Amino acid sequence: MAIESSCDETAAAVVKNGREVLSNVISSQIELHKLYGGVVPEIASRKHIEKINQVIEEALDTAHMTLEDLDAIGVTYGPGLVGALLVGVAEAKAISYAKGLPLVGVHHIEGHISANYIENKDLEPPFLCLVVSGGHTHLVIVRDYGEYQIVGRTHDDAAGEAFDKVARAIGLGYPGGPKIDKLSREGNPEAIAFPRARIEDSPYDFSFSGVKSAVLNYLNACQMKGEEINRADVAASFQKAVCDVLVEHSMQAAKDFGMKKLALAGGVASNSTLRAAMEQACARRKIACYHPSPLLCTDNAAMIGAAAYYEYQKGVRHGLDLNAVPNLQLG
C-alpha cells in the first residue's frame, strides 16, 4: 500500500508487483484552495488529517484487502509541503509499527516517473524522462529503477508554476494549467510572439520567468493603450512558447545521450498541446514516446506504490525515524 500527501491531494493505493493497480483513491482539495488562488499549506495539512484514514480504508476496501494482506507500505517523504508530508509519513510509520510491515520512503518525483510503468507494461529503463509539474521541471535520465541522473532543470519558475501565474493574470483562476489548456483550443498559438529562453552553456536547462514576464508586460501594455485582450490568443501563444522549449530541449537531450525512449511525467504532462507536440517530435526521430493517463499525471498514490515496489525489491527499508524532507533532492 502507498500513501501520498505532499501537497493538496490525500491519496492511498494498493499496487501489486509495481504495475498492477488494485485501488487508487484520491481526495482532492482543489475546490477548497480555489478560494485563495492557490494552495494554503496550513489548510492542506488539516484536511490531510481529516481525510487520510477514510482514504486508506477506501483503498483497502476497493482492493478487497486488509492491512494483514500487505507486504510493505510506501509513502512520499519529500519534496513537498512539510506539514502535508508529515501527515502521510506519520500515518505510514504508525501502520508499519502496528502491523510489522517494512516501510519504504519514496521521492515524490520518482513517483511521477514511475507512473509510466503502470500503463506502459513494456517500458523499462534506460529512458529519458521530462518531469513537468508545478514545482519541478527536470530532464532526467532513468538509468535503472531508482537510479537517476538529472541533466536539465529550471533556473527559476517551473513550467506548472508559470502556467498558474499566467492563468491568474488573465483571470482564469486556480488551477491554471488545465484552464489554460482548455482556453488555448479557442486561440491562435501564433498570434503573439512570446520569447523562448535558452541558457548559454546549458542546452538542457529551462527558464520560464522570462516568458511569464513577457505575458504580464503584454497584458499591461494592452491595458495602458486601451486595447482589447484576446485571452484565448494569449493562452495559446504562451502555451506554445512553453511547449516548444520543453520539446526542443528534450529532443536535444535524447539525441546527445542516445535515448530511444522518452517519457513524460508530472501534472503538466497531461497538457494536450505538450503531449501532441512531443509525440510528433518523437515520431519524426523514431523515439518511443510514453506518458501516463491524465489521472496518473497529477498527484496520486498509485505512482508512489509503483516506485515503492522497485525500491522494496532493491532492499530499501526505512526506520521509524523517517522524517519529511520538503526539499528532498532526486538521485
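The values are calculated or read from the model by the stated rules, or taken from the named source; none is laboratory data. Bear in mind the structure is a predicted one, so any value in this text is a computation, not a measurement. Note: ideal-geometry Cβ built from the backbone for every residue, glycine included; neighbour counts use all protein chains shown.
Okay, residues lined up against (1) part of a helix (DSSP H, G or I); (2) in the same structural domain as ILE30 (by TED's automatic domain parsing):
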site	(1), (2)
SER237	yes, no
VAL245	yes, no
GLU248	yes, no
MET259	no, no
LEU264	no, no
MET278	yes, no
ALA281	yes, no
ALA307	yes, yes
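The selection criterion, being under 23 Å from LEU328 (Cα atoms), in contact with a Cys (Cβ under 6 Å, 6 or more places away or on another chain) and at pLDDT 95 or above, holds for ILE113.
Filtering ALA232, ALA221, ALA214, ALA241 for residues that are in a helix (DSSP H, G or I), at pLDDT 95 or above and in contact with an Asp or Glu (Cβ under 6 Å, 6 or more places away or on another chain) leaves a single hit, ALA232. Quick check, is GLN54 over 14 Å from ALA308 (Cα atoms), of a type outside the set (A, V, I, L, M, F, W, C) and surrounded by fewer than 16 Cβ atoms within 10 Å (Cβ to Cβ)? Yes, satisfied.
VAL104 meets the conditions (1) within 30 Å of ALA167 (Cα to Cα); (2) buried (at least 24 other Cβ atoms within 10 Å of the Cβ); (3) among the hydrophobic types (A, V, I, L, M, F, W, C) in every case but one. The failed one is (1).
Got at least one residue in segment 177-189 being farther than 15 Å from LYS240 by Cα and modelled with pLDDT under 95? No, segment 177-189 contains no residue that is farther than 15 Å from LYS240 by Cα and modelled with pLDDT under 95.
Applying the condition of being modelled with pLDDT of 95 or more and of a type outside the set (A, V, I, L, M, F, W, C) to segment 19-41 and asking which residue is farthest from LEU101 (Cα to Cα) yields SER27.
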